[in-house]
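Some notes on the structure that comes next.
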Amino acid sequence: MNGFYVVFSPFNFMLMVVGILLGVIIGVLPGLGGANGVAILLPLTFSMSPTSAIIMLSCIYWGALFGGAITSILFNIPGEPWSVATTFDGHPMAQKGKADEALTGAFTSSFVGAIVAVIMITFLAPLVAKFALKFGPAEFFAVQFLTFASFIGMGKGSAFKTLASMSLGFALASVGLDTVTGQLRMTFGITELLTGFKFLTAVIGLFGIGEILASMESGLAFSGAHAKLRLNAVLETWKKMPAYYVTFIRSCIVGCWMGVTPGGATPASFMSYGLAKRFSKNGDRFGKGELEGVIAPETAAHAAGTSALLPMLTLGIPGSPTAAVLLGGLLIWGLQPGPLLFIEQPDFVWGLIASMYLGNLVGLVIVLTCVPLFAAILRVPFSIIAPIIMVICAVGAYTINNAMFDVWMMVGFGVIAYAFNKLSYPLPPFVLALVLGDMAESSFRQAMLLSQGSVTIFWSNGLVGFIMTLGLVLLLWPMISWVLDKVRAPKPA
């Protein structure tokens, strides 16, 4: 209730509405996204209180999650990576003249997925935070190791490429002043690197500039489309949706699980779509314009995107790229994510959680009433939109320290992201290592100092031993599964 009292101040409520409007626009524009939008607009919040800033930034995220469905359904252009699965049935429905039904289904299921995840955060976050108070340096490193290991072992792409991407992130995270010995590392005489790479500069370049370069190369262009949401179509769709309650429950479970573990919204949407197609009695109609094929990925994507904030708030470990950007914002505002945040900053934590409830409700109302306006954005040529986004990125990078060096660094990170994209290297592990690398190194070295150099500290009690062993299993899972496949393989006749 105190959280709702914080949110209902006129200024915070206005920021919530503005954030959702900006987020929907960001979600509609291909080449941007939740993480990109939050990264680019983060410098705007430096003059605000941390509570107001996080409310606005999180609402940009909810708006981006909603906005990605608009372009997927109307134009067959995924505004967000997690909206790809929505195009499979959403666009065929639009071609059949059922765009309003598809959009209503997408927005409503997004709202349901997000609310379920927020309820989970409300009741689980304090428990996880109390549990995490038992953590010391060894336990914190074990959790961070588990996060890195799960990216390597459970990722869909090449484990070697994930490891290479993460290693580059670790290398860049170690640039600057060593907090333990006080020595300079890899600064090469450049005074601007004494404090290391600015996280915001890196994120704006990696997400904003990198995506724009890739989109410009592909010659992205939009075709005009008209969209209207008729009230009777909205009501008719709402009548149909309770019949899909099993799909809702399954998609919420998949989404919440993939959000808390570092899976993310994109794999959650594909997994949920695949499960819905497999278990639905109308599975053969998927891909031809089936409402259930829109409900499943949208519910899972929102549940995953929202629940990713649970480990970020309670353990300081982001479950998604956007959560990683928000984590960087907390550190910039002088807040240390983790269990003590609930004790030291209760207004901040519960204000954020209350804004999740209200933000998603306000977002649902806004997208249901303003779809034609948001769809009209895509009639602006991409050749005009791209330079505007580039200028916003440059201004965002410059305002961090009022230094041109940061703008050039932003361009450099944009080129790295473009190269990653061309060579099919994953970007999330790189961002994760850049954010958590410094913290993981500090935790590891503190644990080593406490144990006088013995790695047995990571198995010194049941909690840290279990987390560390689980991390090793996930790290080596590709090898373990290969051995299991060889053992199970039938012998040739």
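Figures for the structure shown
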read-out: Residue, surrounded by the most Cβ atoms within 10 Å (Cβ to Cβ), within the stretch 441-477, restricted to residues that are among the hydroxyl-bearing types (Ser, Thr, Tyr) and within 22 Å of Ala202 (Cβ to Cβ); value: Ser443
read-out: Helices (runs of 4 or more DSSP H) within the stretch 398-493 that include 3 or more residues closer than 27 Å to Leu41 by Cβ, among the small types (Gly, Ala, Ser) and out of contact with any Lys or Arg (no Cβ under 6 Å at 6 or more places or on another chain); value: 404-422
read-out: Condition check for Ser47: polar (S, T, N, Q) and not in a helix (DSSP H, G or I); value: yes
read-out: Selection count where residues are in contact (Cβ under 8 Å) with a residue 60 or more places away in the chain and over 22 Å from the mean Cα position of the chain (by Cα), scope the stretch 344-365; value: 3
read-out: Asp438 vs. criteria surrounded by 15 or more Cβ atoms within 10 Å (Cβ to Cβ), at pLDDT 80 or above and charged (D, E, K, R); value: yes
read-out: Residue match in the stretch 211-233 (condition: polar (S, T, N, Q) and modelled with pLDDT of 80 or more); value: no
read-out: Members of the stretch 271-315 found to be buried (at least 24 other Cβ atoms within 10 Å of the Cβ) and at positive phi, listed by number; value: none
read-out: Residues of the stretch 105-141 classified as at pLDDT 85 or above and under 24 Å from the mean Cα position of the chain (by Cα), total; value: 20
read-out: Close pairs (7 angstrom Cβ cut-off, 6 or more residues apart or separate chains): outside any helix (DSSP H, G or I) in the stretch 229-250, surrounded by 13 or more Cβ atoms within 10 Å (Cβ to Cβ) anywhere; value: Leu229/Asp100; Leu229/Leu103; Leu229/Thr104; Leu229/Leu368; Leu229/Val371; Arg230/Asp100
read-out: Qualifying helices (runs of 4 or more DSSP H) (wholly inside the stretch 101-209; at least 2 residues being free of Cβ contacts under 8 Å to residues at least 24 places away in the same chain); value: 159-173
read-out: Residue within the stretch 248-267 that is touching a His at 6+ places or on another chain (Cβ under 8 Å) and under 30 Å from Leu432 (Cα atoms) present; value: yes
read-out: Filtered residues of the stretch 316-337 (kept if in a helix (DSSP H, G or I), crowded, with 24+ Cβ neighbours inside 10 Å and β-branched (Val, Ile, Thr)); value: Thr322, Val325
read-out: Number of positions in the stretch 265-315 that are touching a residue at least 40 places away in the same chain (Cβ under 8 Å), part of a helix (DSSP H, G or I) and hydrophobic (A, V, I, L, M, F, W, C); value: 14
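Residues checked against (1) polar (S, T, N, Q); (2) at pLDDT 75 or above; (3) buried (at least 22 other Cβ atoms within 10 Å of the Cβ):
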position: Phe382; (1), (2), (3): no, no, no
position: Pro387; (1), (2), (3): no, yes, no
position: Ile392; (1), (2), (3): no, no, no
position: Gly396; (1), (2), (3): no, no, yes
position: Ala403; (1), (2), (3): no, yes, no
position: Trp408; (1), (2), (3): no, yes, no
position: Gly412; (1), (2), (3): no, yes, no
position: Val415; (1), (2), (3): no, yes, no
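The values are calculated or read from the model by the stated rules, or taken from the named source; none is laboratory data. Computed from a prediction, not measured in an experiment: that's the story for all the values here. Reconstructed Cβ throughout: ideal geometry from the backbone, glycine too, with neighbour counts over all protein chains shown.
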